[in-house]
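The values are calculated or read from the model by the stated rules, or taken from the named source; none is laboratory data. Keep in mind that this is a model prediction, so the values were computed, not measured. No Cβ is skipped: glycine too gets one built from the backbone with ideal geometry, and neighbour counts run over all protein chains shown. These accessible areas exclude ligands, DNA and RNA; they are computed on the full protein's heavy atoms, side chains included. Shrake-Rupley method; radii C 1.70, N 1.55, O 1.52, S 1.80 Å.
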Amino acid sequence: MKNLLLAICLLFYSCSQQAGERTHTVEYTGDFKEYKGVDTLSTYLVDRYIIDLDYDGKADTIVLENLEDLKGDPQLFTIIKVKLASNKEYVYKNVQGALIDKKTKLKLPNRLQSDKLYIPETSGQNSLVFVWDYQYPDCTARLAIYQLNKSGTSEKVNQDFYALEIAEMEKSKSVVVIGKPDCEEETATDSIHVSL
């Protein structure tokens, strides 16, 4: 009996250790704790998608949520939760709010049937997740790009940048974002290259 209890305890410990190794949280663009006067615990579902993000042939899940206190504000979502079939979990939080900038020319088809999140179809075996910060009055001046694959997640870009066009570079496995430092600049242009 004593050996049976010991075996059960070791099994539970082993499972909890493995579960802990699979959970990852990525915070970006602001801390919800600093958002005074907003209940940061109550959220509601904005959208849910099923897609193979890490190219392992298994379905992964993306859930978009918003803070209950921000319901009705122009931003569409403030939280992205990604759960891979391997049980790895990623949580991206953006207190500024996020949406797709409809003025950006998206030359690559969106892998999602969505007007809220852009994951372009590329020739690489990595998923790029594009997130635009919502800015008042009508400006998405910050662009974040995250890469997801079998190895995990990495932040490729998170900077002030007003994207005008997104396309894949010919003869190279990279995506180029053409834009400018902010939406007020009339003539300045720049580009970001993201390797796949």
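Can ILE178 be described as open to solvent by less than 80 Å² (accessible area, probe 1.4 Å), within 22 Å of ASN66 (Cα to Cα) and at pLDDT 85 or above?
On the way: open to solvent by less than 80 Å² (accessible area, probe 1.4 Å): yes; within 22 Å of ASN66 (Cα to Cα): no; at pLDDT 85 or above: yes.
In short, no.
So, of the residues in region 31-90 that are of a type in the set (Asp, Glu) and assigned to a loop (DSSP other than H, G, I, E, B), which turns out to be modelled with the highest pLDDT? It would help to see each step written out before you state the result.
Here is the first cut: in region 31-90, the ones of a type in the set (Asp, Glu) are 31, 34, 39, 47, 52, 54, 56, 60, 65, 68-69, 73, 89.
This time we only want the ones that are assigned to a loop (DSSP other than H, G, I, E, B), so: 31, 39, 52, 54, 56, 73.
Values: ASP31: 56, ASP39: 66, ASP52: 95, ASP54: 91, ASP56: 91, ASP73: 67.
Ranking the qualifying residues of region 31-90, first place goes to ASP52.
Limited to region 91-131, what total is found for residues that are β-branched (Val, Ile, Thr), in contact with a Leu (Cβ under 8 Å, 6 or more places away or on another chain) and assigned to a strand (DSSP E or B)?
Looking only at region 91-131, we keep the residues that are β-branched (Val, Ile, Thr), and these are 91, 95, 100, 104, 119, 122, 129, 131.
Narrowing the set further to residues that are in contact with a Leu (Cβ under 8 Å, 6 or more places away or on another chain) leaves 100, 104, 119, 122, 129, 131.
Checking which are assigned to a strand (DSSP E or B) leaves us with 129, 131.
So the count comes out to 2.
List every residue pair whose Cβ atoms sit under 6 Å apart, with the two residues 6 or more apart in sequence or on different chains, where the first one lies in region 160-173 and is touching a residue at least 40 places away in the same chain (Cβ under 8 Å) and the second, anywhere, is surrounded by 13 or more Cβ atoms within 10 Å (Cβ to Cβ) and hydroxyl-bearing (Ser, Thr, Tyr).
Filtered contacts from region 160-173: ALA163/THR104; GLU168/THR122.
For residues that are crowded, with 16+ Cβ neighbours inside 10 Å and in contact with a Pro (Cβ under 8 Å, 6 or more places away or on another chain), scanning just region 109-128, find the one that is nearest to ASP160 (Cα to Cα).
Of everything passing the filter in region 109-128, LEU128 is nearest to ASP160 (Cα to Cα).
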